[in-house]
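*Asks:* Before we start, here is the structure in question, set down as structure tokens.
The values are calculated or read from the model by the stated rules, or taken from the named source; none is laboratory data. Small disclaimer: the values here were computed from a predicted structure and weren't measured. Cβ atoms come from the backbone with ideal geometry, glycine included; neighbour counts cover every protein chain shown. All accessible areas refer to the heavy atoms of the entire protein, side chains included, with ligands and DNA or RNA removed. Shrake-Rupley method; radii C 1.70, N 1.55, O 1.52, S 1.80 Å.
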Amino acid sequence: EQFYSCDQDEIDKLFNEQPWKSNPKYFRKIKISSLALIKMVYHAKTGGIYEVMGLVQGKVLGDTFLITDAFALPVEGTETRVNASQDAVEYIGKYSELSDQAGRIEMTCGWYHSHPGYGCWLSGIDVTTQRLNQQQEPWVALVIDPTRTMTTGKVEIGAFRTFPANYQSQESKGDPDQLIPLEKIEDFGAQWDQYYSLEVSFYKNKFDEEMIDVLWNCLLYTSPSPRDS
């Protein structure tokens with residue numbers, strides 16, 4: 001399928017032109033495979049009240065990130081933050097090496113982490129992390145709230161890109177329907193104009209079906225089905 005193929009000439013052209021440098025809001029959309037989505041949701045759910053973290057793989061097509069897969073990282077998380085250790089760095093290197101050996105053509109193009117019970121947005125630490133990661137463009141940040149996902153039956157996920165330092169953003173003050181716990185309000189309010197949201201959608205590939213069914217059986221029956229996304 002188109003999402004799983006790779007046009008190297010197209011990729012080289014994009015990296016040579018680097019349109020995101022002249023337009024901080026160049027990337028507008030993200031399409032996530034059902035397989036990657038359920039892997040991220042499952043990982044976030046296993047973390048319980050603690051934050052978890054992982055990376056996503058895929059490619060970019062125009063102004064859109066196409067996410068084909070995701071993998072968890074061995075990190076130490078708390079109820080409010082997650083930190084990548086040296087073990088995680090070594091794990092990333094080994095995973096990338098094995099992916100290359102297996103003939104995987106997708107590049108690592110972003111990270112995800114969970115916000116258990118307090119919505120999808122970027123904290124001050126998240127903004128700093130994403131800004132640093134965007135130096136190795138293209139890169140996207142994904143946030144999943146497993147608590148609200150399990151409660152509502154709908155995947156609670158957000159995708160974000162940060163603005164360059166000192167950039168004068170014209171963004172509005174976040175999502176008016178976003179429910180932020182009192183202890184998070186200050187951090188949310190201090191960072192809302194440092195990043196913007198991407199439009200999130202999902203897609204499914206026939207080759208993912210068997211893997212999706214296996215992973216789906218690991219989730220509670222109250223979980224939202226990727227088939228209905």
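*Asks:* Given the criteria modelled with pLDDT of 70 or more and open to solvent by 40 Å² or more (accessible area, probe 1.4 Å), does Tyr42 qualify?
*Replies:* yes
*Asks:* Filter segment 129-152 for residues that are farther than 19 Å from Glu51 by Cα, among the charged types (D, E, K, R) and modelled with pLDDT of 90 or more and give the result.
*Replies:* Arg131
*Asks:* Let me ask something else. Where residues in segment 108-117 are among the hydroxyl-bearing types (Ser, Thr, Tyr) and surrounded by 22 or more Cβ atoms within 10 Å (Cβ to Cβ), which of them is farthest from the chain's Cα centre (by Cα)?
*Replies:* Checked segment 108-117; the qualifying residue farthest from the chain's Cα centre (by Cα) is Ser114.
*Asks:* Taking the stated definitions as given, is Glu97 part of a loop (DSSP other than H, G, I, E, B), at pLDDT below 90, more than 19 Å from Ser34 (Cα to Cα) and charged (D, E, K, R)?
*Replies:* No: the conditions fail for Glu97.
*Asks:* OK, next. From the list Ala44, Ala36, pick out the single residue that is touching a Ser or Thr at 6+ places or on another chain (Cβ under 7 Å), under 14 Å from Ser114 (Cβ atoms), in contact (Cβ under 8 Å) with a residue 12 or more places away in the chain and small (Gly, Ala, Ser).
*Replies:* That would be Ala44, the only listed residue that is touching a Ser or Thr at 6+ places or on another chain (Cβ under 7 Å), under 14 Å from Ser114 (Cβ atoms), in contact (Cβ under 8 Å) with a residue 12 or more places away in the chain and small (Gly, Ala, Ser).
*Asks:* Another question about this same structure. Just checking, does segment 61-79 include any residue being in contact with a Gly (Cβ under 8 Å, 6 or more places away or on another chain), touching a residue at least 24 places away in the same chain (Cβ under 8 Å) and of a type in the set (Phe, Trp, Tyr)?
*Replies:* Checking segment 61-79: at least one residue is in contact with a Gly (Cβ under 8 Å, 6 or more places away or on another chain), touching a residue at least 24 places away in the same chain (Cβ under 8 Å) and of a type in the set (Phe, Trp, Tyr).
*Asks:* Among the numbered criteria (1) out of contact with any Ser or Thr (no Cβ under 9 Å at 6 or more places or on another chain); (2) modelled with pLDDT of 90 or more, which single criterion is violated by Lys29?
*Replies:* (1)
*Asks:* Anything in segment 121-151 that is in contact with a strand residue (DSSP E or B) (Cβ under 7 Å, 6 or more places away or on another chain) and of a type in the set (Gly, Ala, Ser)? List them, or say none.
*Replies:* Result: Ala141, single match.
Residue by residue, here is whether (1) part of a loop (DSSP other than H, G, I, E, B); (2) on the phi > 0 side of the Ramachandran plot holds:
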residue: His113; (1), (2): no, no
residue: Gly117; (1), (2): yes, yes
residue: Trp121; (1), (2): yes, no
residue: Ala141; (1), (2): no, no
residue: Thr147; (1), (2): no, no
residue: Lys154; (1), (2): yes, no
residue: Ala159; (1), (2): no, no
residue: Pro164; (1), (2): yes, no
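*Asks:* While we're here: Taking segment 118-157 as the region of interest, how many residues are over 15 Å from the mean Cα position of the chain (by Cα), buried (at least 16 other Cβ atoms within 10 Å of the Cβ) and of a type outside the set (Phe, Trp, Tyr)?
*Replies:* So the answer is 4.
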